[in-house]
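To keep things clear, I will list the structure first and then write my remarks on it.
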Amino acid sequence: THPPMPAILLLPFVAVSGLDTNQALISAVLGGLTSALAFRIFRSMVSIKSAVWLTVMFTFGSTFWYIAAHGSIWYFSHTVGLMFLMLAVYFTITTRNPLAAGLCLGAAFLSRLPMGFSAVFFLLMFSEAPKLAETTATDAVSRGRAWAVAYVRTNFVTLAKFGVGAGSFVFFYLLFNY
C-alpha cells in the first residue's frame with residue numbers, strides 16, 4: 001500500500017542495526033536536513049534574515065516538524081517525500097539542473113504518489129513560462145503571442161532531461177508493480 005522509496009532508504013540502516021533500527025530518529029535527522037535545505041533555497045531568493053524566518057516558519061510553523069519527529073510509517077513517507085521534493089526545488093531554483101531535479105522528483109513520487117502532481121511546477125520552471133510574468137501585455141492577443149513565443153523558445157532538451165530523470169522512477173514503479 002505504500003510506495004517503496006522509504007523502505008529503500010531504510011535498507012542500509014536495517015542491514016546494520018537489524019530490526020532495532022530507530023525509524024523515528026532517522027526521520028528526525030531527515031527532517032533537520034530538509035529544514036537546512038529549505039534555508040538554502042530561501043537564501044537563494046531573499047536576504048539572510050528573511051531566509052531564517054522563512055525556514056523557522058516552514059519547520060515549526062507547519063506540521064512538518066511534528067511529522068518528521070513522529071516517524072511512523074505514513075509520516076516517514078511524508079518526510080522522505082518532502083526531502084526529495086525540496087531537493088528537486090533546490091536543483092530547479094539554484095542550480096538549474098533538470099536531470100537532478102527530475103531524479104529527485106521521481107524519488108519523491110516513489111515516497112508519496114501525489115507528489116508527482118508537482119511536476120507541473122518543474123515543467124513550468126524549466127520552460128520559458130517564468131519569463132511570461134515579465135510581459136506587460138494586457139489584451140488576449142498580446143498574451144497569446146507571448147505564450148507562443150515562450151513555446152517556441154522553450155528548450156525541449158532541458159525538458160527531456162527532466163523527463164528522463166523523473167520518468168526513470170516512474171518506469172521503475174511500473175516494473176515494481178508488474
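The values are calculated or read from the model by the stated rules, or taken from the named source; none is laboratory data. Given the structure is predicted, the values throughout are model-derived calculations rather than measurements. Because the Cβ atoms are built from the backbone with ideal geometry, glycine has one as well, and the counts that use them run over all protein chains shown. Side chains included, ligands, DNA and RNA excluded: accessible areas come from the protein's heavy atoms. Shrake-Rupley method; radii C 1.70, N 1.55, O 1.52, S 1.80 Å.
What to note about this one:
- Against the numbered list (1) surrounded by 13 or more Cβ atoms within 10 Å (Cβ to Cβ); (2) modelled with pLDDT of 95 or more, residue 92 comes up short only at (2).
- Residues that are over 17 Å from residue 111 (Cβ atoms) and β-branched (Val, Ile, Thr) within the range 27-86 comprise 41, 46, 48, 52, 55, 56, 59, listed in sequence order.
- Where a residue in the range 40-54 is surrounded by 14 or more Cβ atoms within 10 Å (Cβ to Cβ) and its partner, wherever it lies, is among the basic types (Lys, Arg) and assigned to a helix (DSSP H, G or I), with Cβ under 6 Å and at least six apart: 51/43
- If you go through the range 133-170 and keep only what is more than 18 Å from the chain's Cα centre (by Cα), modelled with pLDDT of 70 or more and in a helix (DSSP H, G or I), you end up with 156, 157.
- Only one entry in 8, 26 is at pLDDT 90 or above and either in contact with a Pro (Cβ under 9 Å, 6 or more places away or on another chain) or surrounded by 18 or more Cβ atoms within 10 Å (Cβ to Cβ) (or both), namely 26.
- Counting only helices (runs of 4 or more DSSP H) that sit completely within the range 48-104, those holding 2 or more residues that are closer than 25 Å to residue 126 by Cα correspond to 48-60, 73-93.
- Residue 123 closer than 30 Å to residue 155 by Cβ, touching a residue at least 40 places away in the same chain (Cβ under 8 Å) and either open to solvent by 20 Å² or more (accessible area, probe 1.4 Å) or not in a helix (DSSP H, G or I) (or both): no
- Boolean, residue 19 is in a helix (DSSP H, G or I), at pLDDT below 95 and surrounded by fewer than 16 Cβ atoms within 10 Å (Cβ to Cβ): yes
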